[in-house]
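Asks: Sharing a structure with you now.
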Amino acid sequence: MSLPLLSIKDLWVRFGRFDAVKGVSFDLRGGETMALVGESGSGKSVTALSILKLLPYPQASHPQGEIHFKGENLLEKADENLRKIRGNEISFIFQEPMTSLNPLHTVEKQIGEVLTLHRNFKKSQIREKVIELLELVGFTDAFDRLESYPHQLSGGQRQRVMIAMALATEPSLLIADEPTTALDVTTQAQILDLLKVLQKKLKMALLLITHDLSIVKKMAKNVVIMQKGECVEAGLTENVFENPQHPYTQQLLNSEPRGIPEELDPEASLILEAKNLSVKFARKSALFSPKTYFEAVKDVSFQVRQGETLGIVGESGSGKTTLAFALLRLQESSGEILLQGNPIHRLKNKELRELRHKIQVVFQDPFGSLSPRMTIAEIIGEGLKIHHPQLTFEQREELIVESLKDVSLDPETRNRYPHEFSGGQRQRVAIARALILKPQILILDEPTSALDRAIQVEVLEILRDLQEKHHLAYIFISHDLKVIRAISHHVLVMRHGSIVEFGPTQVVYEKPQHPYTKVLFKAAFDL
Amino acid sequence: MIVEVKLSPLTLKRWQYFYANRRAFWSLWIFLTLFIFSLFAEFIANDKPLVIAYDKNIYLPIFKFYPEQTFGGDFETEADYKDHYIQEKIEAKGWMIWPPIRYRYDTVNYDLPSPAPSKPTYENLLGTDDQGRDVLARLIYGFRISVLFGIILTLISSIIGVIVGGIQGYFGGTVDLVCQRVIEIWSGLPVLYLLIIMGSLVEPNFWWLLGLMLLFSWMSLVSLVRAEFLRARNFDYVKAAKALGGSTFHIMFRHILPNAMVATLTYLPFILNGAITTLTSLDFLGFGLPPGSPSLGEMLAQGKNNLHAPWLGMTAFFSVACMLALLVLIGEGVRDAFDPRKVKF
């Protein structure tokens, strides 16, 4: 057996008094793929960053451990020696393609910089090599792309440019930190395929950091599972997936959203109806020239019954969120919106305010949707103060306690502030705030996307229980097809603002009709 | 019932951060002490005794008018307590307690060892000005009027600024556009000339000057608060409040204003500083408070006109410099305590 390319032994990373990584060890051989899996805060990114000493020293320190790369201990190397390895022998791809490219430089300049730094390329040679690299990462119009700026590229294209930059020096190890998390499903699949092909072609090792188990299954030979800074399980991917030993791994593997929603009562009354709903945004135009419009939502119609969940799927930019805001009348729109037969699209602000308690919303980001200056009780009780000002303090407290119990939170914690709660708990607070007004319909805009898998499942369970208990109607917006299948009765697929497919969930999932739906579903489930 | 003052954890953390900044913390205490003392200037520096016991009666001349006849004098006018004749009359049948400094800001000391402005003596610790008035007494009253003017101006202009900025930021669009243009034009007016012209038409007093300055000083906070409101109106929790059915006022007041208050509070000490400086410079030029009123600017002007009496210029310079320095140090501490990069959840 040859020496491993990268070998980490008992690595510790400490920030101040907090240990982010506690004794992680693993070996990675040349040409192989290893996945580092864990939830947010498990220390997987910190581990990867410490390989190249990219952490904010001196706040961060390594009380113990060794990182051997080609037989040399990187932790003992001086900075100028490390620079020869960074981007040269070990390359890094970051999660956010938006911020990891310099917005003021062209594609050619960004990739060219790596070549001049590490390979001493002459100016004349650079262009040729950049074109070659761009073709390698799948640009068919490589020559035309040289002069492009990052904002002219899509997310997937940007990530390809990042990969081209990382590969420019033909590294022997590529570290990819959540390379596809910020991308749409269809693009995700393409990028992962590309990485796989390139890895074989260039015979490099790949250290893949991800929280998504389906990616691990598809890509990695070995897997290391981390929890709270510790390595809880490691081994061949097949073995770990088939026969997980550690309870945390088992929990992680069992946390796929599953189950189907309760059977729908065919007699259920109509709650919300949208007819030919459109939303237009005015584009910035020159003075005196006619205004042009961008249609974010085009001619959308649907119905939601009591106790029903309507899932809305689509990639980013498909108009899902805009549609939700239009339904809430937080966004100007044309067309009709009927709430229990009541034409709310015609109502003035004041009349609308009185009906608002019937239609409530939960947002994606559990950190942004709760005011940091109010206690949980104040946040939840706010709606009561607005709609039922006659309630006494005691009556209000009682209702708040009840709604906290509804979402399985300890009512004793109601006088705390949001920052003392985890993401999943905050999302439950947001649900409690919406439910305390006894709405008829709840609009959930990506309510689980910012949460870890295991917590996603919990939130979904709570939502399902609440639906059954209160006969709620949901409009559930998500890009995650597995989540949608687990909760919705009907599903509506959106693309570029219009509906491409609409039908009962099982029918759509089993026999998608539209070509776009077929591509979308294939990408999501083949991963 | 015990009223429990409940600070939100963030406020508590900010206070702790401010407290840990010893320079700012001590500056705050020194400034507050000086200010509170100066609020009771009448009891510290006055030409009337605090208490008089005369003929088994107690008299409080600071609060009440007593004719000279009360104490056995000849006239119906108010007793001149600095007059030896009256003093002897009172001492004969009782006693009196004087404040530590026996001069008001406008009391002229006719009993000077040298022509006014006269040097510091035990009687006039910081000397007298060119009209024979005690400099220390004038300093205490002048400090009070400067700080009060600054605080009132800062508070009212902040309130107006926050309201205008909030409306602009929250509603945006045409409202914002129109307000911005109005402010641009308004801020282009030459304030100093206006004050000088107005000063020649009316005799300016404290409130008149305050109103005139207010016309222009409310703009300093507008852009800041506007930006905060523009940013915060798209926050998820603001949208959630809208979806809950909260009224516009409720949303602006309860959800967005606390954000804007951070920026506002950070700026307050500096605005206060600016207000004090403006009043001082107007007084220095002679367009400020009416002649005779105690003011630091007027003292500076006297110092400039009487270079042979350095105690005038020195006193005025050091007191203005110390006051502004204290406020800047406090402001610095407040700014750091509200800095989201330094004080986190």
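Asks: Go through the residues of segment B:198-212 one by one and say whether even a single one is surrounded by 15 or more Cβ atoms within 10 Å (Cβ to Cβ) and among the aromatic types (Phe, Trp, Tyr).
Replies: yes
Asks: Just to be sure, is A:Ile111 surrounded by 18 or more Cβ atoms within 10 Å (Cβ to Cβ), modelled with pLDDT of 85 or more and not in a loop (DSSP other than H, G, I, E, B)?
Replies: Here the answer is yes, as A:Ile111 does meet what is asked.
Asks: Now for a separate question. Quick check: anything in segment B:57-68 assigned to a helix (DSSP H, G or I) and either over 23 Å from the mean Cα position of the chain (by Cα) or free of Cβ contacts under 8 Å to residues at least 60 places away in the same chain (or both)?
Replies: Yes, segment B:57-68 contains a residue that is assigned to a helix (DSSP H, G or I) and either over 23 Å from the mean Cα position of the chain (by Cα) or free of Cβ contacts under 8 Å to residues at least 60 places away in the same chain (or both).
Asks: Scan segment B:269-280 and give yes if some residue there is part of a helix (DSSP H, G or I) and within 14 Å of chain A (Cβ to nearest Cβ), otherwise no.
Replies: No, every residue in segment B:269-280 fails to be part of a helix (DSSP H, G or I) and within 14 Å of chain A (Cβ to nearest Cβ).
Asks: Got at least one residue in segment A:241-249 being assigned to a helix (DSSP H, G or I), touching a residue at least 12 places away in the same chain (Cβ under 8 Å) and among the charged types (D, E, K, R)?
Replies: No, because not a single residue in segment A:241-249 is assigned to a helix (DSSP H, G or I), touching a residue at least 12 places away in the same chain (Cβ under 8 Å) and among the charged types (D, E, K, R).
Asks: Could you please find all residues in segment A:46-72 being surrounded by fewer than 17 Cβ atoms within 10 Å (Cβ to Cβ), at pLDDT 85 or above and on the phi > 0 side of the Ramachandran plot?
Replies: The one that is surrounded by fewer than 17 Cβ atoms within 10 Å (Cβ to Cβ), at pLDDT 85 or above and on the phi > 0 side of the Ramachandran plot: A:Lys70.
Asks: Out of curiosity, is A:Gly381 more than 8 Å from every other protein chain (Cβ to nearest Cβ), at positive phi and more than 27 Å from the chain's Cα centre (by Cα)?
Replies: When the stated conditions are applied, A:Gly381 does not pass them.
Asks: Right, next: Tell me, yes or no, whether segment A:451-470 has at least one residue that is in contact (Cβ under 8 Å) with a residue 12 or more places away in the chain, within 14 Å of chain B (Cβ to nearest Cβ) and of a type outside the set (A, V, I, L, M, F, W, C).
Replies: no
Asks: Restricting to segment A:486-504, name every residue that is under 28 Å from A:Asn276 (Cβ atoms) and part of a helix (DSSP H, G or I).
Replies: Selection gives A:Ile487 alone.
Asks: Here are the criteria: (1) surrounded by fewer than 19 Cβ atoms within 10 Å (Cβ to Cβ); (2) under 23 Å from the mean Cα position of the chain (by Cα). Tell me which single one A:Gly497 does not satisfy.
Replies: For A:Gly497, the exception is condition (1).
Residues checked against (1) within 23 Å of the chain's Cα centre (by Cα); (2) surrounded by 14 or more Cβ atoms within 10 Å (Cβ to Cβ):
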{"position": "A:Leu101", "(1), (2)": "yes, yes"}
{"position": "A:Leu115", "(1), (2)": "no, yes"}
{"position": "A:Glu147", "(1), (2)": "no, no"}
{"position": "A:Arg160", "(1), (2)": "yes, yes"}
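Okay, residues lined up against (1) of a type in the set (Asp, Glu); (2) surrounded by 13 or more Cβ atoms within 10 Å (Cβ to Cβ); (3) modelled with pLDDT under 85:
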{"site": "B:Ile44", "(1), (2), (3)": "no, yes, no"}
{"site": "B:Tyr54", "(1), (2), (3)": "no, yes, yes"}
{"site": "B:Asn57", "(1), (2), (3)": "no, no, yes"}
{"site": "B:Lys64", "(1), (2), (3)": "no, no, yes"}
{"site": "B:Thr77", "(1), (2), (3)": "no, no, yes"}
{"site": "B:Lys82", "(1), (2), (3)": "no, yes, yes"}
{"site": "B:Ile86", "(1), (2), (3)": "no, yes, yes"}
{"site": "B:Lys89", "(1), (2), (3)": "no, yes, yes"}
{"site": "B:Lys93", "(1), (2), (3)": "no, yes, yes"}
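Asks: Picking from A:Val240, A:Val232, which residue would you name as being at pLDDT below 90, farther than 22 Å from A:Leu133 by Cβ and surrounded by fewer than 20 Cβ atoms within 10 Å (Cβ to Cβ)?
Replies: Within the list A:Val240, A:Val232, the selection yields A:Val232.
Asks: Is it true that some residue in segment A:333-346 is surrounded by fewer than 20 Cβ atoms within 10 Å (Cβ to Cβ), acidic (Asp, Glu) and within 13 Å of another protein chain (Cβ to nearest Cβ)?
Replies: No: segment A:333-346 contains no residue that is surrounded by fewer than 20 Cβ atoms within 10 Å (Cβ to Cβ), acidic (Asp, Glu) and within 13 Å of another protein chain (Cβ to nearest Cβ).
Asks: While we're looking at this one, here's another question. Answer yes if at least one residue in segment A:439-450 is in contact with a strand residue (DSSP E or B) (Cβ under 6 Å, 6 or more places away or on another chain) and among the charged types (D, E, K, R), and no otherwise.
Replies: Yes, there is a match, as at least one residue in segment A:439-450 is in contact with a strand residue (DSSP E or B) (Cβ under 6 Å, 6 or more places away or on another chain) and among the charged types (D, E, K, R).
Asks: Would you mind stating whether B:Ala260 is crowded, with 18+ Cβ neighbours inside 10 Å, in a helix (DSSP H, G or I) and at the interface with chain A (Cβ under 7 Å from one of its Cβ atoms)?
Replies: It is false that B:Ala260 is crowded, with 18+ Cβ neighbours inside 10 Å, in a helix (DSSP H, G or I) and at the interface with chain A (Cβ under 7 Å from one of its Cβ atoms).
Asks: Could you run through segment B:99-112 and say how many residues are among the aromatic types (Phe, Trp, Tyr) and surrounded by 15 or more Cβ atoms within 10 Å (Cβ to Cβ)?
Replies: The number of residues fulfilling the criteria is 2.
Asks: Quick check: anything in segment B:155-164 crowded, with 21+ Cβ neighbours inside 10 Å, in contact with a Cys (Cβ under 9 Å, 6 or more places away or on another chain), of a type outside the set (Phe, Trp, Tyr) and under 21 Å from B:Leu257 (Cα atoms)?
Replies: No: zero hits.
Asks: Let me ask another. Within segment B:296-310, can one find any residue that is part of a loop (DSSP other than H, G, I, E, B), small (Gly, Ala, Ser) and more than 21 Å from B:Met213 (Cβ to Cβ)?
Replies: yes
Asks: For B:Gly292, indicate whether it is outside any helix (DSSP H, G or I) and without any contact (Cβ under 8 Å) to a residue 60 or more places away in the chain.
Replies: So B:Gly292 does not fit the description; no.
Asks: Something else now. Could you tell me which residue of segment A:117-136 is nearest to A:Gly155 (Cα to Cα), considering only residues that are free of Cβ contacts under 8 Å to residues at least 60 places away in the same chain and under 30 Å from the mean Cα position of the chain (by Cα)?
Replies: The qualifying residue nearest to A:Gly155 (Cα to Cα) is A:Leu134.
Asks: Sticking with this structure for a sec: Which residues, taken from segment A:254-302, are aliphatic (A, V, I, L, M), assigned to a loop (DSSP other than H, G, I, E, B) and surrounded by 10 or more Cβ atoms within 10 Å (Cβ to Cβ)?
Replies: Residues satisfying the conditions are A:Ile260, A:Leu264, A:Ala268.
Asks: Name the residue, out of B:Leu300, B:Leu272, that is within 20 Å of B:Val222 (Cα to Cα) and surrounded by 21 or more Cβ atoms within 10 Å (Cβ to Cβ).
Replies: Answer to the check: B:Leu272.
Asks: Find the residue count for segment A:5-45, including only residues that are on the phi < 0 side of the Ramachandran plot, in contact with a Gly (Cβ under 6 Å, 6 or more places away or on another chain) and not in a strand (DSSP E or B).
Replies: Qualifying residue count, segment A:5-45: 2.
Table: residues versus (1) over 14 Å from A:Gln95 (Cβ atoms); (2) in a helix (DSSP H, G or I); (3) not acidic (Asp, Glu).
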{"residue": "A:Glu132", "(1), (2), (3)": "yes, yes, no"}
{"residue": "A:Phe143", "(1), (2), (3)": "yes, yes, yes"}
{"residue": "A:Arg160", "(1), (2), (3)": "yes, yes, yes"}
{"residue": "A:Ala164", "(1), (2), (3)": "yes, yes, yes"}
{"residue": "A:Thr169", "(1), (2), (3)": "yes, no, yes"}
{"residue": "A:Leu174", "(1), (2), (3)": "yes, no, yes"}
{"residue": "A:Thr180", "(1), (2), (3)": "no, no, yes"}
{"residue": "A:Thr186", "(1), (2), (3)": "yes, yes, yes"}
{"residue": "A:Gln190", "(1), (2), (3)": "yes, yes, yes"}
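The values are calculated or read from the model by the stated rules, or taken from the named source; none is laboratory data. A quick note: this is a predicted structure, and the numbers were derived from the prediction, not measured. Positions of Cβ are generated from backbone atoms using ideal geometry, with glycine treated the same way; all protein chains shown enter the neighbour counts.
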